[in-house]
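The values are calculated or read from the model by the stated rules, or taken from the named source; none is laboratory data. None of the values given here were measured: they were computed from a predicted structure. Cβ placement follows ideal geometry from the backbone for every residue including glycine, while neighbour counts extend to all protein chains displayed. Just so you know, the surface numbers come from the protein's heavy atoms only, side chains and all, with ligands and any DNA or RNA stripped out. Shrake-Rupley method; radii C 1.70, N 1.55, O 1.52, S 1.80 Å.
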Amino acid sequence: MEEKKQTLESSLEYLKNAGAGEQRSLSRSETAESVPFMVVEPVETFVGREKDLKELHRIIVDRGVGAITGTSGLGGIGKTELARMYAKRYKADYPDGIFWASLRGGKWQEEGRRIFEALYPGTDIAPFFDNAKAKDEVCNRLNRKSALLVIDNVNEAHEIIRPDCSVLVTTRERSIFNIISRIAVKELDRLSVDDGVKLLMKVLGKARVARDSSGASGIVEILGGMPPALDIAVRHLESFPDLSFTDYIGQIREKIEELKIKDSEDKEVVVSLELSLKGFESIPHGAECIGLFEAAGVCVESGFTSQTLMETAGLGGMDRGAVEKLCRSALLQFDRRSLRYSMHPLLRQLSEARLKMDESRELYYKENHCTHFLHFSQAHKNSPDMLISEKDGLRQAMIQTRHTGKTDELLLIFFECMIQPFWQHIAGNDYEGAIRYLVMIDLIDMNNPVPVMTDLISILQVLAQNQAVLQESSCAWVYMSLGSVYICLGEYREAIGFYEKALEMYNRIGDARGEGNVLGSIGIACADLGEYREAIGFHEKQLNIARRIGDMQSEGNALGNIGIAYTNLGEYRKAIGFFEKQLEITRRTGDAGGEGNALGSIGAACVDLGDYRRAIGFYEKQLEITRRIGYARGEGDALNSIGISHAVLGEYYKAIGFYEKALEIYNQAGELRGEGNTLANMGITYGKMGTHVRAHKCFEASNVIFRGLGSEDVVAEIEEMMKNTECWLLRNGVVIAKKKKTALSPLSSGLQGNENDIFGKENNNDIGG
């Protein structure tokens, strides 16, 4: 009996400390671990791959870890579906359960909590404060020899964890070879002709395929055995039973010629999609289906409901028939676990590309999306679970208020609705519950405008004033969050004060990882104050802790930030030495984002040394990485930096081209600070070209952005450049119409670190503490 009591107490203590704290008692049945199978069924069109499945099983049995990637990093090859089929086929080999973490549009904080909910069904699991803590705790709980953890859609190798159980990873990122032996990697190729024909038989029936077996083989061959392309093609052929295989092949050839596609690796998907969409034009409600497909491109990547999609497309009054038809046509995916729809990443890119050709239609969908979630937030402001369930969609809508020009009108309404459950917890003296809600809704990390930041300070101070009723880990989170908000407001001394309180608490509870993060944040704040020697001291302490606990990612961050401090001290060659050490670590650990930061920092140091051609080489490598991993802000930074280098070299037209690409990226991602910097750089470049009217327009737009961000020092510099430009224009008889100054609210600017400044010198690449 005593042994059972100890087990219960241990479980309670674990659940209490896993995140913000579990406050209610758990029954003995609730604490018993279940044997989960967290895997959805593979798609109905999954065929073949028998040899691949057997080889993958052999790898995992022999080595305890396996990875699926596409040959030469090929996307759309069916990695996730193979992992699902593997889990289904070999379920009996993992009696302790099969766990699934999807990092496509998600992160370990969320996926870790899902795993714990599967382990403890019916139990209200507390959230994790950060991804590192979540990964640590998942590793601790999955030390179950006969379990399998699938980590799906890994973009960066450092997201891979290795608990004491079998692990299967799916990724397009080939840097996994740095931490997983090549012997353990199964490189997946396109479907063979035989397997492709089996797919056609499975959907269209053996009789139809037998009538033209050579035509069936020809379809597989012309579509290159690409699973998404074949899925779309076979569903299209199913909808048109009188369409012969030969005629369909002819349509494919015509479409390839019409679109002038040659060597694009995704050309097969593009062509099959275009033919499928053209097919909708001849069926009832086909136009609505096309509209829904395009509207899905502005919905959140992690998944959306049918109601969200239909209202975004302006079809809220229709039934779900058109949505279901998109699923049957393989243009949408449905997750029975979450009851949400999503798009294959390749199809999402094509949906977004179609919208970029029709800006008015894109704006229409974004306005509808914002309106839908505005109504949702108002209807559910007293329902925290509903708000949390749609936090990704709410965040997307908040960013889109910027794109639709309705930030000032709508953003505070969103915020007030989303913060309502916090005040309900406070009214009930449930301070841990209030913290828990803030963590789960991600309000602190949503990078809000100045008025919202002021409200966040008031909210967090309510918690700080009641720290006596909080766990110390919760208190530390509150003080860290206050520090981050003050950093965003540019009040660095206040931020350091709160970071120091967090540091004291992390020291007291023995949380070395938390201690290292705080030291890094203090170092960044010192650098923002121009106290670079002090910053180096804090980052060196962070570096020592990272090396002691084996946190190589934090080690790389510390090295990078030390390099940045030396850059600001003018010791550029010394800085490059630290950046090169950072680069070595990021490549060893597969931290592609960190690798991109290091390359960008070396490029910036080369600029400071006057070696602009060499700098462009590093920036181009940074750009390649950021595009590969889908890091929009980093992509914009790299484009902006390349533009600056070309401008300094006098290659002004080239510079403007890169600035325009950077603006497009920043605008889509809601990165206002990056957008403001790029506009200012464009203004400077247009001025050097003698195009002063355009220069003035750029400065004016940049000024509006930085006013909204509350960056008065930057505003003063931009206004000085505006005055100089206006003087030139007046001397030359050009009259500038004065625009009313309006504040544009920021939606997404970094909580820690700065972007490129308006003169193009990179003083912080957001390696971040």
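Using 25 Å as the Cα-Cα cut-off, could you pick out the over-long pairs in LYS255/LYS621; LYS260/LYS621; LYS278/LYS325; LYS79/LYS202; LYS107/LYS391; LYS202/LYS325?
LYS255/LYS621; LYS260/LYS621
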Quiz item: What is the distance in Å between the Cα centres of region 324-390 and region 666-708?
Solution: 31
Practice problem: Quick one: order ASP611, ASP212 from most to least accessible surface, probe 1.4 Å. | Solution: ASP611, ASP212
Self-check item: Positive-end residue, the chain charge dipole about Cα centroid, Cβ charges, pick of TYR90, ALA379, LEU583
Solution: TYR90
Exercise. Over every pair of different alpha-carbon atoms in the chain, take the mean of 1/r and invert it; report that Kirkwood radius in Å.
Key: 28.0
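If you place +1 on the Cβ of every Lys and Arg and -1 on the Cβ of every Asp and Glu, how big does the dipole about the Cα centre of region 50-166 come out, in debye to the nearest 20?
Numbers: 19 positive and 18 negative charges, 61 e Å.
Around 300 debye, computed over region 50-166.
Output the antiparallel fraction of DSSP beta bridges having both residues in the chain, as a percent to the nearest 5.
Here the share of antiparallel DSSP bridges comes out near 20 percent.
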Self-check item: Solvent exposure, largest accessible area first (probe 1.4 Å, DNA, RNA and ligands not counted), of VAL693, VAL270, VAL220
Solution: VAL693, VAL270, VAL220
Quiz item: If R0 is 60 Å, what FRET efficiency do you get for ASP358 and ALA468 from their C-beta distance, rounded to 0.05?
Solution: 0.55
Exercise. Ignoring everything but the protein chains, give the 1.4 Å probe accessible area of SER192 in square angstrom, nearest 10.
Key: 60
Exercise. Quote the convex hull volume per residue of region 392-513, based on C-alpha atoms, as a whole number of Å³.
Key: 107
Exercise. With +1 on each Lys and Arg Cβ and -1 on each Asp and Glu Cβ, and nothing else charged, work out how big the dipole of region 431-564 is about its Cα centre, in Debye to the nearest 20.
Key: 240
Quiz item: Rounded to the nearest 0.05, what FRET efficiency is calculated for LEU609 and ARG63 with R0 set to 45 Å and r the Cβ-Cβ distance?
Solution: 0.50
Practice problem: Set the Förster distance to 35 Å, then compute FRET efficiency between LYS202 and LYS260 from the Cβ-Cβ distance, nearest 0.05. | Solution: 0.55
Quiz item: Among 482-488, 457-463, what's the highest-first ranking by average C-beta atoms within 10 angstrom per residue?
Solution: 482-488, 457-463
Quiz prompt | Spin-label zone in region 32-69 - amide nitrogen under 12 Å from a point set 7 Å from the Cα of LYS91 along the C-beta vector | solution = 36-42
Quiz item: With every protein chain left in place, what is the accessible area of ASP195 in Å² (1.4 Å probe, nearest 10)?
Solution: 30
Quiz item: Helix-derived [θ] at 222 nm for the chain: sum -39500 (n - 2.57) over DSSP H runs of at least 4, divide by residue count, nearest 500?
Solution: -20500 deg cm²/dmol
Quiz prompt | Cα-centred dipole magnitude for the chain, charges only on beta-carbon of K, R (+1) and D, E (-1), debye, nearest 20 | solution = 1160
Quiz item: Residue separation times 0.36 nm, minus the C-alpha to C-alpha distance between GLU620 and PHE334: what's the value?
Solution: 99.2 nm
Quiz item: So, with a 1.4 angstrom probe, what is the percent of accessible area on the chain that is carbon and sulfur?
Solution: 48
Quiz item: How do the peptides 183-190, 568-575, 536-543 rank, highest first, by the average count of neighbouring beta carbon atoms within 10 Å per residue?
Solution: 536-543, 183-190, 568-575
Quiz prompt | Stretch gain in nm, segment ASP194-CYS727, where the contour uses 0.36 nm per residue and the Cα spacing is subtracted | solution = 184.6 nm
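Taking the convex hull of the Cα atoms, report for region 162-251 its projected area averaged over all directions, in nm². Kindly include the intermediate steps, with their values, before the conclusion.
On the way: hull surface 31.6 nm².
Average projection, Cα convex hull of region 162-251: 7.9 nm².
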Exercise. Kindly list the residues of region 243-262 that lie in the label zone of ILE283, defined by a backbone N under 16 Å from the point 7 Å along the Cα-to-C-beta vector.
Key: 243-244
Practice problem: Starting from the Cα coordinates of region 287-446, work out the convex hull volume and express it per residue in Å³. | Solution: 118
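Could you state the accessible area per residue of region 659-704 in Å², with a 1.4 Å probe and every protein chain left in place? Show your work: numbers first, answer last.
Numbers: 1510 Å² over 46 residues.
Averaged over the residues of region 659-704, the accessible area is 33 Å².
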Quiz item: Which distance in Å, rounded to a whole number, links the C-alpha centroids of region 183-201 and region 91-117?
Solution: 26
